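Following: one structure in structure tokens, then a few remarks.
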Amino acid sequence: MKLKIIIIGLMSILALPFLSEGQNINTEFGKNRVQYHGFEWWEYETRNFIVYWSKEGRNVGQSVVQMAELDHEEIRSLMEYRISDKIEILVYTDLTDLKQSNIGKNQVFSNSKGITTIVDNKMFVYFDGDHNHLREQIRQGIARIYLNYMMYGGNIQEIVQNVVLLNLPEWFTEGLVSYVGEEWNTELDNQLRDGILSGKYTSFQDLIEDDPRLAGHSFWYFISQNYGEATVSNLLYLTRINRSVENGFLYVLGTSFYRISGSWFNFYKEHYSEDANVGNPLVATESVPIKNKRNIPLGQIRLSPNGNQIAYTTNELGKVRVYIQDVDGRNKKIILKNSYKNTFQATDYNYPLLTWSKNGSQLAVIYEKRDEIKLLLHDLTGEKSETLLIPTIYERVLSADFVDNRQIALSAIQSGFSDIYLFDTRTRQSKQVTKDYHDDIDATFATINGKKGILFASNRDDSTVIKGEKLDSLLPIKTFDLYFYDTEIKNNIDVVRLTNTPLANEKEPRMINDRHFSYLSNETGIYNRYIGYVDTIFAYKERVYILKNKKEIKLSTDSLLTLAVEEIDTMFVRDVYKPKGFSYASTNYNRNIIEQHTAPKTNKMATLLFYEGEYQVYVDDINVEQKAKPIITHFMRNKTGTIVKKKETKP
């Protein structure tokens, strides 16, 4: 089939050279797997990449081609290597579609969470609602392909020869790919911090045996911070030339790898110990007794409206369970069993999603089975369950929270964009709240100063308009701030910005009472809890003209626009006030808060942490008067140059 070349004269493609769009490509790449629908591929082609997309993936494909070209030269320069082949990127709308892929059967099944699958010069990426995560996958994929070509060559003869002569350890390769793919961040720092402070890791070798990817990423970060990023490139080059990791370190750093690994441990141990001496280890109360001997990942911690029960999920490599139990540990029961343990494919930690109805009579469970999104409504009064199908307009649901006893606020993906929706469980009808190219996640119902609405996190720019903005050259790859959408204003197209932290992410917004809300922020390098509220402040002055035909015109006082005097009946100047978010830190932990949930009617708060190698859940009374001054970790001080943007305080 001939390719139809389309000249795209849009800034949205960042002036990418040789961009072409192909028509339907019916290409079979290998043997079939269990598939719930077929794939028809379309393509974009640029100087360095060929990007394939299918189904509703056009918008994701457009983002991918821009981000790939955006980061390509930086990664090539770090590797100090060139390849002549174009890199092929296959784009999937979500992880479920990726798992169904019939391309590179053996290799794609070796995927694991956070690792981009590679087959030759092809990579496979998927959209999870966050363009920052999509960018990380692309960067990792490019890095892995360059590393493979650089170390092992581009043809069969070179590959066979170099595999025999150069046997690179897993921490070296996986760690490098992770290092290139994403910056050292709060999650990685917290994981390593807990391992070292708990005594689990007493050497670099301990970490290699437990988590080679984290070991390698932390090692390359350590090298870049202490010896400069150019040293990373030199180590790669001399390792390839000398066909030895040990010789590479001797030539570049003048010392053995063993001694460098000792310096690595001292570097992190010193900084984490310093941070721990300032921050508080945990909350004061005893943890909720949850039986979890194998330390299976917990998630979706949801406190019942009366504060007496807690629902949560476990996910053991895809084997999912949903539980409800009393806060004191009694009356534990399984609500849902779904899927089975699968060590060969990526674990989907997005599902299931949990939310309580406002009266506490129902627990809603959103999960996926055979590429269908289902809604389980479990009635606790009669212990009955009803299962509904979520409309197929949603490619993936990312978060859910009951607005009342029938409507649920959703964050969901449609046509490659994550937006906010209101879903009626009785009629199964949806109302779209936001509709733009920004990522909108963590939707939760709240009443703020008597106004009902939706709190959510978004990586939108300074604009507070939520309708009609289309993807252009400004990719949605900023950090996440919090916003409030008033659902009681008819045809509302504006949101109130609640936080503004360019170097930090806010997540997990939760209503506390009519005045306050809570959220998690990594502004200081550790996810701690913050308390927020909304107040009205002076914004600007405006001139108001009442015309003789009774029409009202509003102009800023610095506007140069003038009106004919004979048309004006009355003119006056008035102050304009706008709602604005304010907040303060409420905790000072030395470990990340992973999740939080509130029961506003009973003033209770549930908190999930990972401390000394274990998942721990706490339920406490909420104290909005509690203020803290969280430590700024060494990692964050280094990232910001010791300057962290402070929250605005009320004048």
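The values are calculated or read from the model by the stated rules, or taken from the named source; none is laboratory data. Because the structure is predicted, anything quoted here is derived from the model rather than measured. Cβ: placed from backbone, ideal geometry, glycine included. Neighbour counts: every protein chain shown. Side chains included, ligands, DNA and RNA excluded: accessible areas come from the protein's heavy atoms. Shrake-Rupley method; radii C 1.70, N 1.55, O 1.52, S 1.80 Å.
With Cα Rg over 2.2 N^0.38 Å in mind, check (1) 1.27; (2) 0.96; (3) 1.03 and report the label derived from this structure.
Here the calculated entry is (3).
Which aspartates and glutamates have a Cα lying under 19 Å from the Cα of LYS333, excluding residues fewer than 8 positions away in the same chain?
Leaving aside aspartates and glutamates fewer than 8 places away in the same chain, those within reach of LYS333 are GLU316, ASP379, GLU383, GLU386.
Could you run the Karplus curve 6.51 cos²θ - 1.76 cosθ + 1.60 with θ = phi - 60° over segment 213-221 and give me ³J(HN,Hα) per residue in whole Hz, x for Gly and Pro?
Per-residue couplings from phi come out as 5, 5, 4, x, 4, 5, 5, 5, 5 Hz.
Hey, with R₀ at 56 Å, roughly what FRET efficiency would LEU563 and GLU56 work out to, going by the Cβ-Cβ distance, to 0.05? Can you show the working numbers first?
Working: r = 48 Å, r/R0 = 0.86.
The value I calculate is 0.70.
Rounded to the nearest 500, what is the 222 nm mean residue ellipticity of the chain from helices alone, with -39500 (n - 2.57) per DSSP H run of 4+ residues and division by all residues? Intermediate results must be reported in sequence, preceding the final value.
On the way: 13 runs with 160 residues, N = 651.
Per the formula, -7500 deg cm²/dmol.
Checking the table LYS470/LYS507; LYS507/LYS639; LYS384/LYS604; LYS431/LYS551; LYS86/LYS435; LYS358/LYS435 against a 31 Å threshold on Cα-Cα, which pairs fail?
LYS431/LYS551; LYS86/LYS435
Out of residues 5 or more away from MET123 or on other chains, whose amide H comes under 5 Å of its own, with H placed 1.01 Å from N in the peptide plane?
Residues meeting the criterion, in which the H sits 1.01 Å from N, are GLU88, ILE89, LEU90.
Counting only Cα atoms, I'd like the Rg/Rh figure for segment 390-469, Kirkwood definition for Rh. Before the final figure, lay out the partial values.
Numbers: Rg = 12.3 Å, Rh = 12.8 Å.
Radius of gyration over Kirkwood radius for segment 390-469 works out to 0.95.
Hand me the chymotrypsin sites (Phe, Trp or Tyr not before Pro) from segment 302-387 located in a DSSP loop with no more than 16 other Cβ atoms within 10 Å, in residue order please. Display every interim value, and only then the final one.
Working: sites: TYR312, TYR323, TYR340, PHE344, TYR349, TRP356, TYR367; in loops: TYR340, PHE344, TYR349.
Here the chymotrypsin sites (Phe, Trp or Tyr not before Pro) that fit, given the DSSP loop and packing criteria, are TYR340, PHE344, TYR349.
Can you give me the solvent accessible area of THR464 with a 1.4 Å probe, rounded to the nearest 10 Å²?
40 Å²
For segment 526-574, what class follows from the C-alpha gyration tensor (a ≥ b ≥ c being the square roots of its eigenvalues): rounded when a/c is under 1.5, otherwise prolate if a/b is larger than b/c, else oblate?
Verdict is prolate for segment 526-574.
Which percent of the accessible heavy-atom area of the chain goes to carbon and sulfur, probe 1.4 angstrom?
Ligands and nucleic acids excluded, carbon and sulfur give 49 percent.
Report, as a whole number in µm² per second, the diffusion coefficient that Stokes-Einstein gives for segment 195-275 at 37 °C and 0.692 mPa s using the Kirkwood radius over alpha carbon pairs.
Numbers: Rh = 13.2 Å.
Estimated diffusion coefficient is 248 µm²/s.
If you line up the long axis of helix 131-152 against the longest principal axis of the chain, both from Cα atoms, how many degrees apart are they, to the nearest 10?
The two axes meet at around 10 degrees.
Quick check on packing: order 177-187, 231-241 by the mean number of other C-beta atoms within 10 Å, highest mean leading.
Numbers: 177-187: 20.6, 231-241: 18.0.
Averaged packing, sorted descending, gives the order 177-187, 231-241.
Ordered by residue, what ³J(HN,Hα) values in Hz, to whole numbers, does segment 485-495 give under the Karplus form 6.51 cos²θ - 1.76 cosθ + 1.60, where θ = phi - 60° and Gly and Pro are x?
After applying 6.51 cos²θ - 1.76 cosθ + 1.60, I find 10, 7, 7, 8, 8, 5, 6, 5, 10, 10, 10 Hz.
Output wanted: per-residue J couplings in Hz (rounded whole) for segment 363-377, from phi through Karplus 6.51 cos²θ - 1.76 cosθ + 1.60, θ = phi - 60°, x for Gly and Pro.
10, 8, 10, 9, 9, 10, 9, 6, 6, 10, 8, 10, 10, 9, 9
When the convex hull of the C-alpha atoms of segment 481-640 is computed, what volume per residue in Å³ does it have?
Working: hull volume 25.8 nm³, N = 160.
Normalising the Cα hull of segment 481-640 by residue number yields 161 Å³.
Limiting things to C-alpha atoms, what are the Rg and the maximum Cα-Cα separation (Dmax) for segment 222-374, in angstroms?
My reading of the Cα-based Rg and Dmax gives 24.0, 68 Å.
With a Förster radius of 22 Å, plug the Cβ-Cβ distance of LYS341 and GLU187 into 1/(1 + (r/R0)^6) and report the FRET value to the nearest 0.05.
Efficiency for this residue pair is about 0.40.
With Rg and the Kirkwood Rh both taken from Cα atoms, where does Rg over Rh land for segment 187-240?
Values: Rg = 12.5 Å, Rh = 12.0 Å.
Computed over Cα atoms, the ratio is 1.04.
Would you mind classifying segment 287-412 by shape? Square roots of the alpha carbon gyration tensor eigenvalues, ordered a ≥ b ≥ c; an a/c under 1.5 is rounded, otherwise it is prolate if a/b is larger than b/c and oblate if not. It would help to have the intermediate numbers written out before the result.
On the way: a/c = 1.81, a/b = 1.04, b/c = 1.74.
It comes out oblate by the Cα gyration axes.
Can you give the translational diffusion coefficient of segment 338-494 in µm²/s, computed by Stokes-Einstein from the Kirkwood radius over Cα pairs at 4 °C and 1.567 mPa s? The partial results should precede the final answer.
On the way: Rh = 16.6 Å.
The estimated diffusion coefficient comes to 78 µm²/s.
Please sort 257-263, 42-48 by packing, taking for each peptide the average over its residues of neighbouring beta carbons within 10 angstrom, highest first.
Numbers: 257-263: 14.4, 42-48: 19.7.
So the order, starting with the most tightly packed, is 42-48, 257-263.
Roughly how many Å² is the accessible area per residue of the chain, as a whole number, for a 1.4 Å probe? Before the final figure, lay out the partial values.
Working: 29590 Å² over 651 residues.
Solvent-accessible surface per residue comes out at 45 Å².
Kirkwood hydrodynamic radius of segment 348-406 from all distinct Cα pairs, in Å? Please list the in-between numbers first.
Numbers: mean 1/r = 0.0840 Å⁻¹.
Result for segment 348-406, one decimal place: 11.9 Å.
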